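Engineer: Would you mind keeping the following structure in view while I ask a few things?
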Amino acid sequence: MLRTEPKDTYSQAQSAVLELVDGRKDMRFKMTAAAVARDRKLGQEHTELTLRNMEKVTRFRKQGENVFERMVDRIAKLNLTSDRVGTKAEARAEARAAKKGSAAVASI
């Protein structure tokens with residue numbers, strides 16, 4: 001599922017669409033581009049799965065590699081990646097610790 005902007009200018013409702021593979025708005029294409037942008041920002045090697053998906057999404061597309069690189073650049077400019085790498089469990093633990101810290105300050 002891919003979250004999208006509302007179709008109606010005045011609507012604040014959330015919307016999501018399940019996009020088909022090999023369509024004009026290919027979900028695998030965008031997700032792979034996002035993974036590549038993140039890996040590059042963090043200075044990491046691409047995983048085997050990412051490399052395989054890069055091959056899949058560019059193979060039959062006209063000027064596939066150029067189009068893919070433009071999408072990677074576009075996603076990188078959105079600055080969606082975090083500078084730190086962590087798991088969801090670590091993020092939850094940090095949130096709990098911060099909440100306890102603010103509760104301790106409030107009780108003083």
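The values are calculated or read from the model by the stated rules, or taken from the named source; none is laboratory data. Predicted model, so just to flag it, every value in this text is computed and none were measured. Glycine gets a Cβ as well: all are built from the backbone with ideal geometry, and neighbour counts include every protein chain shown.
Engineer: Report, by residue number, each residue of the stretch 60-73 that is modelled with pLDDT under 90 and of a type in the set (D, E, K, R).
Structural biologist: Across the stretch 60-73, the qualifying residues are 61, 62.
Engineer: Of the residues that make up the stretch 63-72, is at least one surrounded by fewer than 11 Cβ atoms within 10 Å (Cβ to Cβ) and either in a loop (DSSP other than H, G, I, E, B) or under 15 Å from the mean Cα position of the chain (by Cα) (or both)?
Structural biologist: Yes, the stretch 63-72 has at least one match.
Engineer: So, one more: Any idea how many residues of the stretch 62-72 are among the charged types (D, E, K, R) and either touching a residue at least 24 places away in the same chain (Cβ under 8 Å) or over 14 Å from residue 36 (Cα atoms) (or both)? Steps first, answer last, please.
Structural biologist: If we filter the stretch 62-72 for residues that are among the charged types (D, E, K, R), which is where we start, we get 62, 65, 69-70.
Cutting the leftovers down to either touching a residue at least 24 places away in the same chain (Cβ under 8 Å) or over 14 Å from residue 36 (Cα atoms) (or both) gives us 62.
Number satisfying all stated conditions: 1.
Engineer: Give just the number: which of (1) at pLDDT below 90; (2) surrounded by 15 or more Cβ atoms within 10 Å (Cβ to Cβ); (3) assigned to a loop (DSSP other than H, G, I, E, B) does residue 46 not satisfy?
Structural biologist: It fails just one condition, (1).
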